[in-house]
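As structure tokens, the structure follows; a few thoughts come after it.
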Amino acid sequence: MAYYFEEPSRTFSEYLLVPGYSSTECTVDNVSLKTPITKFKRGQEPAISMNIPLTSAIMQSVSGEKMGVALAKEGGIAFIYGSQSIEDQAAMVKRVKMHKAGFVTSDSNVTPENTLEDVLVLKEKTGHSTVAVTKDGSAHGELLGMITSRDYRISRMDVKTKVKEFMTPIDKIIYALEGTTLKEANNIIWDNKLNTLPIIDKNKHLVAFVFRKDYDLHKENPNALLDKDKRYIVGAGINTRDYKERVPALIEAGADLLCIDSSEGFSEWQKLTIEYIKETYGASVKVGAGNVVDEAGFNFLAQAGADFIKVGIGGGSICITRETKGIGRGQATAVIDVAKARDKYFAETDEYIPICSDGGIVLDYHMTLALAMGSDFIMLGRYFSRFDESPTNIITINGNYMKEYWGEGSARARNWQRYDMGGDAKLSFEEGVDSYVPYAGSIHDSLPQSLSKIKSAMCNCGALSIKELQDKARLTLVSATSIVEGGAHDVVLKDSSYNNNNNR
């Protein structure tokens, strides 16, 4: 007969942290969220660590190049989605690696023959008021001029007016040549009282913009995650089908680490993929694997050579794997079980393999629970999909701003490789849905609050590091009625901000 697990499968919402002793040193400012992301031997340092324990999901609707730059600025890592052509994914990775802090590739571009109407549509789409006028309308075409909100007045101009009639031409623009340092660019901006400084090459092709407002943002990102050459660290998703072609392209593009993107990682397909990477590149190329939900799955991938292991099946907000196939496990139970296996493996081999909790995060405090239960870091889809930096559109539904969000197993993504079991190259049935999430602005405006909640909860447990949290945390199961008691109850709320902050 089938094997039955004795304990029920539980979610994060069924647990609470019990406070521990907090010394006077336990303040939010003293808490470190630094965490390993690749395996290491006892007494050694990991090849790659993060300054915050968060990564973005390997999804079309989450992790593009903008997410790669934005999350690295905050100290985390984005994994550029792999359900696209090898060439396009490699190009995204390369653009993240080539992005210099403070130097921004223009995403609002027109030709002189475009109209004011085109400019207004572009502004509505991107939210940016600075528009580059290039010869071919591309981000790196020959710069002919610029447009800002000072160059036109909608009430006094025909929307069919051509750009060349109201743009500020290149001969009236202060610019700098490629090779100018960020410090030099900022000095030019301040000395000339500019808001924007174009950077052009010797052929007058636009390279990037430096914005006055980004000077302060640069100073506000002390946790930026950089490689030895001061470039942003970025990851990339791969599959178990075309890895022999995809991996070399991603490595050449500069990807710092890879991750096999699969709904279920306890398979020979993943073992073969890891073996190819390690035999071809040795230990220099780091690759994560998953997803698994128990000790057997962890041990299999650990022995296969994975540098980190993802935990979770069916817990994502857009995932319907459990509903369609009856496969999975409650995320809290999965993390607890795999964390025990990780610690046992470490004790026996002196090799520590970080684990990543992937899925099941509904509220911010669930992140703290995932870390306390043993996760070294967390992969988030819905959370990051809400921000400007995700590659989806902002739309209005019933007067509310929303962003599109769809699963890799949905008919929209059709990422059959993620659910591949060695059969036909197609998605036989859906394991994800197409949805919307509330728009939440920029990462930089919202992420610090989530991190502050994690740090504050850690202080309540008397912990100043994630490792200390895992050693000191005390967890209790909660009843259905105590969950109700834990929120606002028996009162009439004055406004809806509480619900907006707690139901995202």
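The values are calculated or read from the model by the stated rules, or taken from the named source; none is laboratory data. As the structure is a prediction and not an experimental result, all values here were calculated from the model. Quick reminder, even Gly has a Cβ in these numbers, built from the backbone with ideal geometry, and neighbours come from all protein chains shown. Side chains are part of the model used for accessible areas, which takes the heavy atoms of the whole protein and leaves out ligands, DNA and RNA. Shrake-Rupley method; radii C 1.70, N 1.55, O 1.52, S 1.80 Å.
Worth a mention:
- Convex hull volume per residue for the range 86-161, taking Cα atoms only, in Å³: 113
- Extension gain (nm, one decimal) between S138 and T324, 0.36 nm per residue minus Cα-Cα: 62.6 nm
- Reducing the range 358-395 and the range 1-67 to their Cα centroids gives an inter-centroid distance of 11 Å.
- Unit charges at the beta carbon, dipole of the range 39-146: most positive-side option, P53, T105, L143: P53
- Taken over the range 1-156, lysine pairs spaced eight or more positions apart, or on distinct chains, with alpha carbons under 17 Å apart number 8.
- For A208, distant residues with modelled amide H under 5 Å away: I199
- Amide proton proximity set for L144, modelled H, under 5 Å, gap of 5+: V133, T134, K135
- Y3 versus E268: modelled label distance in nm, points set 7 Å from Cα along the beta carbon direction: 2.0
- Here the range 129-165 and the range 272-302 have alpha carbon centers that stand 50 Å from each other.
- Couplings for the range 447-463, taken from phi via the Karplus curve 6.51 cos²θ - 1.76 cosθ + 1.60 with θ = phi - 60°, read 4, x, 5, 4, 5, 5, 5, 4, 5, 5, 5, 4, 4, 4, 8, x, 10 Hz in order; Gly and Pro are left as x.
- Backbone N within the range 393-410 under 19 Å of label point (7 Å from K453 Cα along the Cβ vector): 403
- Only Lys, Arg (+1) and Asp, Glu (-1) charged, at Cβ; the chain dipole about Cα centre in debye: 980
- Angle of helix 268-281 to the longest C-alpha principal axis of the chain, folded into 0 to 90 degrees and rounded to 10: 60°.
- FRET efficiency, 1/(1 + (r/R0)^6) with R0 30 Å, evaluated for S482 and K41 via beta carbons: 0.10
- Within the chain, the cysteines lacking any other cysteine Cβ closer than 4.7 Å to their own Cβ are C259, C319, C356, C461.
- Each of T280 and R474 was given a label point 7 Å from its Cα along the Cα-to-Cβ line. The distance between the two points is 5.1 nm.
- Dipole orientation for the chain: of the candidates F5, W190, T273, W190 has the Cα lying most toward the positive pole (charges on Cβ; Lys, Arg +1; Asp, Glu -1).
- Annotation for H128 and S32: the two label points, set 7 Å from Cα along the Cα-Cβ direction, are 3.7 nm apart.
- Local electrostatic count, E351, Cβ distance below 15 Å [Lys/Arg +1, Asp/Glu -1]: +1
- Protection proxy ranking, peptides 355-367, 183-195, average beta carbon neighbours within 10 Å, highest first: 355-367, 183-195
- Note on the chain: Rg/Rh from C-alpha atoms, Kirkwood Rh, equals 0.99.
- Counting only protein heavy atoms and a probe of 1.4 Å, the accessible surface of the chain is 50% carbon and sulfur.
- With all protein chains kept in place, the per residue accessible area of the chain amounts to 48 square angstrom at a probe of 1.4 angstrom.
- Principal-axis tilt of helix 86-98 within the chain, Cα atoms, nearest 10 degrees: 70
- Put simply, when 102-115, 333-346 are sorted by average Cβ atoms within 10 angstrom per residue, most first, you get 333-346, 102-115.
- With a Förster radius of 25 Å applied to the C-beta separation of K202 and V121, the computed FRET efficiency comes to 0.15.
- Global form of the range 166-215, assessed from the alpha-carbon gyration tensor, a/c cut-off 1.5: oblate
- Built amide H within the under 5 Å cut-off of G20, gap 5+: C461, G462
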